[in-house]
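Below is one structure, written out as structure tokens; the observations come after it.
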Amino acid sequence: MIEADTVRLLRECGAGVEMGVSSIDSVMDYVQAKPFQNRLTHCKREHDQLKQEIDALLNQYHDDGKKANPMAKGMSWMKTNMKMMTDRSDASIASLMTDGCNMGVKSLNQYLNQYQAASERSKDIAKRLIHLEEQLTQDIREYL
């Protein structure tokens, strides 16, 4: 049970990281404030580091991981592009990013509760990802 829950939690974390990076990439060209750009760049780098850690652990379990849900990714892409067509302000981008982070935090907490038998290392990764998302929402509040 520990191994199964560990793999499942790591898969969800990997998919969450993928969604986060994709979201950052989709808005980066529109961000006007340099400190906002820098914060997103830093956050993306931290996501990439977590992804490497997740992939290494999944590899130990001989698992390829999980891709982000194509439907969720498509809906996110549509919402972002529709919003950017009508309002390219940093406030609009901060709102989109905050919504995405909040959804990620909610999902990751649900997975932590669901996969309670997961290894402490995988739980730590999930908690670090949650903290990263929560920190980003705090850091960009000034742009809302």
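The values are calculated or read from the model by the stated rules, or taken from the named source; none is laboratory data. Source: prediction; values computed, not measured. Backbone-built Cβ (ideal geometry, glycine too); neighbour counts: all protein chains shown. Just the protein is used for accessible areas: all its heavy atoms, side chains included, with ligands, DNA and RNA removed. Shrake-Rupley method; radii C 1.70, N 1.55, O 1.52, S 1.80 Å.
Carbon-plus-sulfur fraction of the accessible area of the chain, 1.4 Å probe, in percent?
51 percent
If you count, for each residue, the other Cβ atoms within 10 Å and average over each peptide, how do 108-115, 80-87, 18-25 line up from highest to lowest?
Packing proxy ranking, top to bottom: 18-25, 108-115, 80-87.
Taking amide hydrogens as modeled 1.01 Å from N in the peptide plane, which residues meet the under 5 Å criterion relative to Lys66, leaving out close sequence neighbours?
Long-range HN contacts for Lys66: Ala15.
Once you put a point 7 Å from the Cα of Arg45 and another 7 Å from the Cα of Arg141, both along the Cβ direction, what distance in nm separates them?
About 2.5 nm separates the two model spin labels.
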